[in-house]
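Q: Below is one structure. I have some questions about it.
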Amino acid sequence: MNAGPLLAARGLGKSYGALKVISDLDFDVVEGEVLGVLGPNGAGKTTLFNLVSGDVAVDAGELVFDGRALGGEPPFQRCRMGIARTYQIPRPYGGMTAFENLLVASMFGGAQGERQATQRCAEILEQCGLAARANVLAGSLTLLDRKRLELARALASGPRLLLLDEIAGGLTDEEAHELVKLVSSLKAQRITIVWIEHVLRALMAVADRLLVLNFGRRLTEGAPAEVMAHPDVQRVYMGIEA
């Protein structure tokens, strides 16, 4: 097994015309840790996920996953390599049941056989609090359950690296707390997680480290309490003048 970080970015860059969305970004993600990613709107957080998942191509620098440089692999190949993600707006197959959504992810994203996939999907539905919704059409689920399903589908592919894009967004405090407990349980299983989130208390409860972006560059990173006390973070992210 590779002795280095599970995911490493070196000099990462992405531009759209003259607009530099990600610029000269370096960071590592160690296997088994939860890295929280913060930053104001437009900081480049979702673009970063798109680069890692293969939804968009890197313009500069490189990404290395488990010692292997990522090139032009499309998202489905990266999924089979062990990189899974959720989207800020859940994207279930609305005409399929919750169970069928997971089965597709497990068989095609995780390349598992039908028998193995069926058992694994049932376990994930239970873990994510969706067992009672297994045969409900995904398009008729509540927002909380669609968020749960989005996470469950990512898990069904058997990821080593899980990218969570604002899964607590739009939820009530109680609903967000339920998802935080679920992410905490994944952390206990040593699943490596990179989590973009605007709900600060959610990140502070789970993350081992925080990475703060501003205009596509790294502003700072480190232990959560230290990062949130940083004057530049308070000024840029929280609107507080030091």
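Q: Considering each residue of segment 13-52, count those that are within 20 Å of LEU210 (Cβ to Cβ), in a helix (DSSP H, G or I) and free of Cβ contacts under 8 Å to residues at least 60 places away in the same chain, and give that number.
A: 1
Q: What are the residues in segment 101-137 that are over 26 Å from MET81 (Cβ atoms) and assigned to a helix (DSSP H, G or I), if any?
A: GLU126, ALA131, ALA132, ARG133
Q: If you don't mind, another one. Considering only residues that are crowded, with 20+ Cβ neighbours inside 10 Å and in contact with a Gly (Cβ under 6 Å, 6 or more places away or on another chain), look in segment 57-92 and name the one that is farthest from ALA132 (Cα to Cα).
A: Restricting to residues being crowded, with 20+ Cβ neighbours inside 10 Å and in contact with a Gly (Cβ under 6 Å, 6 or more places away or on another chain), the top hit is ARG78.
Q: Considering segment 141-161 alone, what residues qualify as being of a type in the set (S, T, N, Q) and touching a residue at least 12 places away in the same chain (Cβ under 8 Å)?
A: SER157
Q: Looking at segment 53-67, which of the residues that are part of a loop (DSSP other than H, G, I, E, B) and among the β-branched types (Val, Ile, Thr) is farthest from the chain's Cα centre (by Cα)?
A: VAL58
Q: Run GLY95 past the list (1) surrounded by fewer than 17 Cβ atoms within 10 Å (Cβ to Cβ); (2) more than 28 Å from THR142 (Cα to Cα); (3) modelled with pLDDT of 95 or more and report the number of the one that doesn't hold.
A: Status for GLY95: all satisfied but (2).
The values are calculated or read from the model by the stated rules, or taken from the named source; none is laboratory data. Predicted, not measured: the structure shown is a model, and the values here were computed from it. No Cβ is skipped: glycine too gets one built from the backbone with ideal geometry, and neighbour counts run over all protein chains shown.
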